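Asker: Before anything else, here's the structure in question.
The values are calculated or read from the model by the stated rules, or taken from the named source; none is laboratory data. The shown structure was predicted, so the numbers you read here are calculated from the model rather than taken from an experiment. Here the Cβ is made from the backbone with ideal geometry for all residues, glycine too, and neighbour counts use every protein chain on show.
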Amino acid sequence: MKIFYFYIVAFSLILIGCSPTYKISDFSSKDKFYEDFNKSANEKAVKVTLSNDSSFFISNGAAIVNDTLYSPKEEIKSGIKKIALSDTKGINYTNQSHTTALIVLNDGESYQAEQLRGNRDSIEFSFTKTITLKDVTSINDIKNISYKNHWLGVISGFIGGTIFGIIAGVIAIRFTPLNFNTVGNSTYYAGTNYTPAKIALSSCVILGIAYGWIKGFNYTYQFNP
């Protein structure tokens, strides 16, 4: 039984602390790796860890264009635009059908583009916002970039807290004195007192949810080991 409890506790700890890491080798090409990162890190608070192990945060998302990390500043606009391909610095597609993309111009202006229609020497698209990108640092200087999904952390924290709560409840029942009633000269068993077990279960669930929200479900993109 002790071995069973050990495995349950180990599983719940792994569940709460799980943190997927993505590497370039996990994708068919470096461009696909960058494309997945740009889509995932869009509008999220990210932590950038440099090769010297120093780190900093970017609160409004990040994007990679031509091996350079940028911090976006958004301006809400909309319209249809046609530009020459010679005026583009980079086109980073955000879906497999290549109908949406982050388009960066030579002057630093960029667009979150949709419904792309390309010609031999130009590209036309509709957009809902323009994005001014600020050059942050070269990818060669970055060790990894990570961000948290707090709601997934809540789910894993709830599951882990429930598992701990069940174990704590079983232990509480085992150490709870038996409940007997006496009527006249007769004493009879009046049932198990489950109140300590309920308190233990609810406390563990609440603590698990709080811990899961704070810790979050961490996603890491590793650039340079």
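Asker: Is it true that some residue in segment 121-130 is within 30 Å of residue 55 (Cβ to Cβ), β-branched (Val, Ile, Thr) and modelled with pLDDT under 80?
Answerer: First, pick out the residues of segment 121-130 that are within 30 Å of residue 55 (Cβ to Cβ): 129-130.
Of the ones still in play, those that are also β-branched (Val, Ile, Thr) are 130.
Retained after the next criterion (residues that are modelled with pLDDT under 80): 130.
The answer is yes, given that some residue of segment 121-130 is within 30 Å of residue 55 (Cβ to Cβ), β-branched (Val, Ile, Thr) and modelled with pLDDT under 80.
Asker: Between residues in segment 68-79 that are among the basic types (Lys, Arg) and residues that are surrounded by 10 or more Cβ atoms within 10 Å (Cβ to Cβ) and at pLDDT below 70, which pairs lie under 9 Å by C-beta distance while being six or more apart or on different chains?
Answerer: Between residues of segment 68-79 that are among the basic types (Lys, Arg) and residues that are surrounded by 10 or more Cβ atoms within 10 Å (Cβ to Cβ) and at pLDDT below 70, the close pairs are 73/131; 73/132; 73/133; 77/129; 77/130.
Asker: Filter segment 11-35 for residues that are small (Gly, Ala, Ser), at pLDDT 85 or above and either in contact with a Lys or Arg (Cβ under 7 Å, 6 or more places away or on another chain) or in a helix (DSSP H, G or I) (or both) and give the result. Working first, answer last.
Answerer: As a first pass, look at segment 11-35 and keep what is small (Gly, Ala, Ser): 12, 17, 19, 25, 28-29.
Pick out the ones that are also at pLDDT 85 or above and you get 25, 28-29.
Across segment 11-35, the qualifying residue is only 25.
Asker: Could you figure out which of (1) part of a strand (DSSP E or B); (2) over 20 Å from residue 128 (Cα atoms); (3) at pLDDT below 80 isn't true of residue 8?
Answerer: (1)
Asker: Just to be sure, is residue 85 at pLDDT 75 or above, touching a Gly at 6+ places or on another chain (Cβ under 9 Å) and exposed (fewer than 14 other Cβ atoms within 10 Å of the Cβ)?
Answerer: Values: at pLDDT 75 or above: yes; touching a Gly at 6+ places or on another chain (Cβ under 9 Å): yes; exposed (fewer than 14 other Cβ atoms within 10 Å of the Cβ): yes.
In short, yes.
Asker: Being part of a strand (DSSP E or B), farther than 21 Å from residue 24 by Cα and of a type in the set (A, V, I, L, M) is the filter here; which residues of segment 36-62 pass it?
Answerer: 58
Asker: Can you tell which of 212, 191 is modelled with pLDDT under 80 and either under 30 Å from residue 54 (Cβ atoms) or assigned to a helix (DSSP H, G or I) (or both)?
Answerer: Details: 191 fails: either under 30 Å from residue 54 (Cβ atoms) or assigned to a helix (DSSP H, G or I) (or both).
One residue alone meets the criteria, 212.
Asker: Quick one: residue 107 ticks every box in (1) part of a loop (DSSP other than H, G, I, E, B); (2) farther than 27 Å from residue 225 by Cα; (3) within 25 Å of the chain's Cα centre (by Cα) except a single one, so which number is it?
Answerer: For residue 107, the failing item is (3).
Asker: How about segment 37-47: which of its residues are surrounded by 15 or more Cβ atoms within 10 Å (Cβ to Cβ) and either under 23 Å from residue 101 (Cβ atoms) or in contact with a helix residue (DSSP H, G or I) (Cβ under 9 Å, 6 or more places away or on another chain) (or both)?
Answerer: 37, 38, 39, 40, 41, 42, 44, 46
Asker: Of 143, 148, which residue is under 20 Å from residue 70 (Cα atoms), at pLDDT 85 or above and part of a strand (DSSP E or B)? Write out each step before concluding.
Answerer: On the way: 148 fails: at pLDDT 85 or above.
Selected residue: 143, the only one of 143, 148 that is under 20 Å from residue 70 (Cα atoms), at pLDDT 85 or above and part of a strand (DSSP E or B).
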